[in-house]
């Protein structure tokens, strides 16, 4: 088996040869990635079901079609993205070509999480390819069936000189991070992100961190309670709550909670039937260790279980669970849940709900359910989060035109669509000058004169534009 060092040397040699730079190469690789998805859908679905018991419907939507849409978006827009962006000039540079040129970074490392083991490694790869980079992919070893499939398919469809998959656990990842990369893209936990940053600091490597956090969902004002419950239940229990953008907890008044609970029960029965454990549309927790963590959190909680609460370790099953009467200090409120447990915290007002959110780390996503636009806008303007969506959950991350990423503790940097291309590109400021306007250039040469300084300041200072019909001096 080829060593990590040899793989990296091979990819770096390929990058230095310039093979990844031409538009045609990038396009060919993107089209090959699309073929990988289309040719192997059955195998992909089987691997995802083996790893997470993912229902076909959820796997197609979140793992296959989302990636297909992103790669098609990149193929359609690649030529435009690669064009230089020209910028404005001043009097002293009006004869020059001044533009931003997007150049590939080099050899990048993409480390993916297990909860969406295909999507979370291929979506960053799309941007890395589009931007002209070579890439090493590190799938999660926790979802071993998908990891194995990726290690077989990537070399079959993509250039083996430019792209490689390295498998293994924490030790292999640690060794991998000892090498110098031109960018590291990591999706996962905040704890591991800190070790990624420490490793990257040794080589001054830039990083993108897609993390998580406790994503709040606020329900206030007038709304269709049954529709709200259906959308909340879908967003929370999709992939059994193992989504970084799943609603982690609900904030609402006592009256809203009392109306919401029967609507949640009705939605759950409508989605999964009266025997949820037998439903083919409800997945499983990824490993015994993750199952034990969730059940331990549930056991430590001092809240009242009003829906669900059951679990079966042999199946890694945890029922869709709702808990009320929690305190802020409850175990379920101390860390991201990442499972099918939904705490409902009651507050007296929207103001108190906003304060509750703002007293905590900035989440990856924030949701507000309300028919009142004033309430939606108030929450939007007075909070900060990686993404924002009203009257639904998760959906915002499926649109390629929107950047997806965190802020503060929920991550740094963003991707999807053009944003992934930009993440893996260096924006190089370029100025192509001729020999014209030398009389203006002479003003900057010694011996310095006060009159020349005045002329230069006039020629190079940005002028304020008129605003509101008034001339601004």
Expected single match for outside any loop (DSSP other than H, G, I, E, B), within 23 Å of the chain's Cα centre (by Cα), surrounded by fewer than 15 Cβ atoms within 10 Å (Cβ to Cβ) and in contact (Cβ under 8 Å) with a residue 60 or more places away in the chain among 73, 57 is 57
Every residue from segment 392-409 that is over 16 Å from residue 213 (Cβ atoms), over 11 Å from the mean Cα position of the chain (by Cα) and not in a loop (DSSP other than H, G, I, E, B): 395
Could you list all residues from segment 443-473 that are more than 21 Å from residue 89 (Cα to Cα), assigned to a loop (DSSP other than H, G, I, E, B) and modelled with pLDDT under 70? 468, 469, 471
Residue by residue through segment 361-379, note down the ones that are surrounded by 15 or more Cβ atoms within 10 Å (Cβ to Cβ) and either part of a helix (DSSP H, G or I) or in contact with a strand residue (DSSP E or B) (Cβ under 9 Å, 6 or more places away or on another chain) (or both). 363, 364, 365, 366, 367, 368, 369, 370, 375, 376, 378, 379
Could you say whether any residue in segment 336-352 is assigned to a helix (DSSP H, G or I) and crowded, with 18+ Cβ neighbours inside 10 Å? yes
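Results for (1) more than 18 Å from residue 179 (Cβ to Cβ); (2) part of a loop (DSSP other than H, G, I, E, B); (3) in contact with a strand residue (DSSP E or B) (Cβ under 6 Å, 6 or more places away or on another chain), shown as yes or no for each residue.
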{"position": "120", "(1), (2), (3)": "yes, no, yes"}
{"position": "123", "(1), (2), (3)": "yes, no, no"}
{"position": "129", "(1), (2), (3)": "yes, no, no"}
{"position": "136", "(1), (2), (3)": "no, no, yes"}
{"position": "154", "(1), (2), (3)": "yes, no, yes"}
{"position": "164", "(1), (2), (3)": "no, no, yes"}
{"position": "168", "(1), (2), (3)": "no, yes, no"}
Assess whether residue 63 counts as being buried (at least 17 other Cβ atoms within 10 Å of the Cβ) and modelled with pLDDT of 95 or more. yes
Identify, please: which residue in segment 178-192 is in contact (Cβ under 8 Å) with a residue 60 or more places away in the chain, touching a helix residue (DSSP H, G or I) at 6+ places or on another chain (Cβ under 8 Å) and part of a loop (DSSP other than H, G, I, E, B) and is, among those, surrounded by the fewest Cβ atoms within 10 Å (Cβ to Cβ)? 179
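Does segment 178-194 hold any residues that are within 12 Å of the chain's Cα centre (by Cα) and closer than 20 Å to residue 133 by Cα, and which are they?
Result: 185, 186, 187.
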Consider residue 433 carefully, then state whether it is surrounded by fewer than 17 Cβ atoms within 10 Å (Cβ to Cβ), out of contact with any strand residue (DSSP E or B) (no Cβ under 6 Å at 6 or more places or on another chain), outside the structural domain of residue 132 (by TED's automatic domain parsing) and without any contact (Cβ under 8 Å) to a residue 24 or more places away in the chain. no
Among the residues of segment 117-124, are any at positive phi and in contact (Cβ under 8 Å) with a residue 40 or more places away in the chain? no
Just to be sure, is residue 233 in contact (Cβ under 8 Å) with a residue 60 or more places away in the chain, under 18 Å from residue 309 (Cβ atoms), buried (at least 17 other Cβ atoms within 10 Å of the Cβ) and touching a helix residue (DSSP H, G or I) at 6+ places or on another chain (Cβ under 6 Å)? yes
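The values are calculated or read from the model by the stated rules, or taken from the named source; none is laboratory data. None of the values given here were measured: they were computed from a predicted structure. Every residue, glycine as well, gets a Cβ built from its backbone with ideal geometry; the counts of neighbours run over all protein chains shown.
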